[in-house]
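What follows is a set of notes on a single structure, which appears directly below.
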Amino acid sequence: MEQLSAQARWERFTERPLLGLAVAFAVAYAVPIVDASAGRSLTAVCTGVEWVVWGAFALDYLVRLALAPHRKTFVRRHWPDLCAVVLPVLQPLRLLRLVSTLLLVGRRARMAPQIRLTTYVVGAVIGLLMFGSLAVLSVERESPHGNIRTLGDAVWWSFTTMTTVGYGDHAPTTGLGRMIAVGLMLSGIALLGVVTANIAAWFISRFEKDDVEERRQTEAIAALAEEVRLLRAEVARLTEAEPRRDAEGCAVGNSSPAPGNEPRAS
């Protein structure tokens with residue numbers, strides 16, 4: 001049995017705790033937005049939870065970097081993780097912490113071998129709908145010309161935007177809100193492409209499996225037909241040879257002198 005490296009053991013050990021921290025981040029991010037009347041103390045607690053979660057992911061990245069056998073290769077292959085860790089430090093905006101946490105959770109989820117593509121896609125759709133709604137509500141609710149005022153309006157807008165339907169009854173009016181809309185549109189198109197490709201690959205694999213089975217049966221039938229043909233030829237050859245032997249035997253057994261040609265006694 002192959003022994004796991006220290007980095008792989010660390011990733012397996014921290015997978016569930018980091019997922020729990022991501023859920024805590026989602027709750028802390030959503031509470032001040034959904035509850036517009038939240039006090040300053042509650043908002044400060046939620047902000048502290050967000051930074052703690054970001055710090056946990058940053059620590060996880062540093063530990064994985066330290067355990068990596070080739071650190072330059074690790075940084076080159078996991079550059080999105082590094083950007084997700086550094087961005088909130090350069091500009092500590094709540095939206096950047098949201099993007100960085102989603103990015104880090106997605107990277108760790110893809111590393112987990114037991115998470116299947118369908119589960120990942122469904123989780124990504126739900127996560128994007130939820131966080132997209134909360135993000136656009138947080139930046140559009142106070143806009144003087146905005147029409148996304150409630151969580152229901154935000155969820156409806158996120159759903160129509162991700163599916164690229166775009167009814168137009170709700171639309172962001174701020175620059176940041178439009179940036180969120182662009183991200184949701186691109187994400188929706190990408191996820192739709194993944195789902196479509198997955199379904200097409202499933203159909204192709206089924207057709208290929210059926211074709212292989214059909215070819216195998218066709219080859220078996222052809223081999224059986226060839227054996228039958230050879231057997232028929234052999235039976236025909238034996239049938240033609242058997243009467244000849246009987247005729248020759250009869251001729252030999254009944255060979256007697258013709259009448260009038262019997263030998264005379266001396």
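The values are calculated or read from the model by the stated rules, or taken from the named source; none is laboratory data. Here the structure is a predicted model, which means the values were calculated and not measured. For neighbour counting, all protein chains shown are included, and Cβ atoms are generated from backbone atoms with ideal geometry for every residue, glycine included. With ligands, DNA and RNA removed, areas are computed over all heavy atoms of the protein, side chains included. Shrake-Rupley method; radii C 1.70, N 1.55, O 1.52, S 1.80 Å.
Just one of the numbered conditions (1) exposed (fewer than 13 other Cβ atoms within 10 Å of the Cβ); (2) within 22 Å of His78 (Cα to Cα) is not true of Val53: (1). Residues that are buried (at least 21 other Cβ atoms within 10 Å of the Cβ), free of Cβ contacts under 8 Å to residues at least 40 places away in the same chain and either within 27 Å of the chain's Cα centre (by Cα) or assigned to a loop (DSSP other than H, G, I, E, B) (or both) within the range 128-156 comprise Ser133, Ile148, listed in sequence order.
Of all residues in the range 11-24, which are in contact with an Asp or Glu (Cβ under 8 Å, 6 or more places away or on another chain) and either open to solvent by 30 Å² or more (accessible area, probe 1.4 Å) or farther than 20 Å from Met130 by Cβ (or both)?
Correct list: Thr14 only.
Per the listing Val182, Val212, the residue uniquely assigned to a helix (DSSP H, G or I), modelled with pLDDT of 85 or more and loosely packed, with under 13 Cβ neighbours inside 10 Å is Val182. The condition of being free of Cβ contacts under 8 Å to residues at least 40 places away in the same chain and closer than 20 Å to Leu128 by Cβ holds for only one of Val52, Val27, that being Val27. When the range 28-68 is filtered for residues that are closer than 24 Å to Leu82 by Cα, assigned to a helix (DSSP H, G or I) and aliphatic (A, V, I, L, M), the ones remaining, listed by number, are Ala28, Val49, Val52, Val53, Ala56, Ala58, Leu59, Leu62, Val63, Leu65, Ala66, Leu67.
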